[in-house]
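The values are calculated or read from the model by the stated rules, or taken from the named source; none is laboratory data. If you're wondering where the values come from, they're calculated on a predicted model, not measured in any experiment. As a convention, Cβ positions derive from the backbone with ideal geometry for all residues, glycine included, and neighbour counts pool all protein chains shown. Protein only, heavy atoms only, side chains kept; ligands, DNA and RNA dropped before computing areas. Shrake-Rupley method; radii C 1.70, N 1.55, O 1.52, S 1.80 Å.
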Amino acid sequence: MVAENIVGTDEELGWRSVRGDFPVMENVVYLNSAASGPVPRPVHRAATGFYAEMLEGGDKLWEEWLERREQARASVARLINADPEEVAFTTNTSSGMNLIIDALGSRGEVVAGELEFPVSTITWMHRGARVRLVKAVNGELLTDDLLDAAGEGDSVICLSHVQYSNGFRADLEEIGRRKGGHPFVVNAAQSAGAFHIDVKRMGIDALCTTGHKWMLSGYGSGFVYLSRELLARTRPRSIGWMSVENPYGMSNTEFVVRPDAAPRAEMGCPHFA
């Protein structure tokens, strides 16, 4: 017992090790992860290590960087129970939402909640979609009200998993189970990394998020999920040289766009590894 008081239990030592990865904790009690999480030492080492590799070798490690990206894609896919082919890396939630709108923007009205962060609303409005805002009841967006607003038509349901404005957490599994034929889009910026997400079980058709909040990966990181069904019935709005089946063929006369999610977001050289 004396030794335990001096050294600490395994659990205490574990938390001490975790806290040691966050230099910010040496000076403040950090409570603003909903805006941007503090970058831990391993993330800092990975980012600076990548540029050190470029500093010392240019693009000598190009193939290795691409392999690392695929490993990261597989990890993200496991995090949300998706297939790697359904995941693409973006720079933030906004870029991911615009890729989703590329796929669903022609579906008509969008049903969202009045508590939403504007990424979930004005991006659709900018493309000409009518956005219907469902009123909250005592700070909660009720599932019945959301589905009643969606009705029987072709509306898209778009909402945040956790609301930035008051922390309300939607029951995604219930909404997904009862959505009917409505495409279900989720802004997971305030939940990815903090709460469990299972896109298959929750019936989510598309999801976007950023990495700089609860996933602690810094600005300029994020990902988008597009279900296989959505990928199969939509066409990318924008592509680049890395979006095609044979990018190293360098053809200026013909091309075949890859069917997975990556070509819609990762159109050129990797921006991280």
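Brief remarks follow.
- Of Arg16, Arg69, Arg45, the one that fluctuates the most in a GNM where the chain has Cα springs shorter than 10 Å: Arg16
- Along the axis of the charge dipole computed for the chain (Cβ charges of +1 for Lys and Arg, -1 for Asp and Glu, origin at the Cα centre), the listed residues Leu146, Met54, Gly37 are led at the positive end by Leu146.
- Distribution of pairwise C-alpha distances over segment 230-273, 5 Å bins, in %: 5, 23, 32, 22, 13, 5, 0
- For segment 198-262, chymotrypsin sites (Phe, Trp or Tyr not before Pro) meeting the loop criterion (DSSP other than H, G, I, E, B) and having at most 16 other Cβ atoms within 10 Å: Tyr219, Phe255.
- Considering only Asn92, Leu133, Gly249, the residue lying farthest towards the positive end of the dipole of the chain is Leu133, judged by Cα position with unit charges set on Cβ.
- Rotationally averaged projected area of the chain (alpha carbon convex hull; nm²): 18.8
- Reported to the nearest whole Å, the Cα centre-to-centre distance from segment 124-191 to segment 247-267 is 33.
- Derived from the Cα gyration tensor, the three semi-axes of the equivalent ellipsoid of segment 63-218 are 26, 16, 15 Å, largest first.
- Rg over Rh, two decimals, segment 15-115 (C-alpha only, Kirkwood Rh): 1.06
- Only protein atoms count toward the accessible area here, which uses a 1.4 Å probe; on the chain, the carbon and sulfur part of that area reaches 54 percent.
- Taking the Cα centre of the chain as reference, the dipole from Cβ charges on Lys and Arg (+1) and Asp and Glu (-1) amounts to some 520 debye.
- Point-charge dipole on Cβ atoms (K/R +1, D/E -1) for segment 91-138, about Cα centre, debye to 20: 140
- Amide H to amide H, with H built 1.01 Å from N, Gly222 comes under 5 Å of Thr90, Gly211, counting only residues 5 or more places away or on other chains.
- Charge tally around Ser191: other residues with Cβ under 11 Å, Lys/Arg +1 each, Asp/Glu -1 each, net +2.
- Per residue solvent-accessible surface (Å²) - the chain, probe of 1.4 Å: 54
- 3J(HN,Hα) couplings calculated from phi for segment 86-91 with the Karplus curve 6.51 cos²θ - 1.76 cosθ + 1.60 (θ = phi - 60°) are, in sequence order, 8, 10, 9, 8, 10, 9 Hz; Gly and Pro show x.
- Computed [θ] at 222 nm, helices only, for the chain once each DSSP H run of length n ≥ 4 contributes -39500 (n - 2.57): -10000 deg cm²/dmol
- A DSSP coil position with no more than 14 other Cβ atoms inside 10 Å describes the following GluC sites (Glu not before Pro) in segment 30-117: Glu114.
- Taken over segment 165-245, the ratio of Cα radius of gyration to 2.2 N^0.38 Å equals 1.24.
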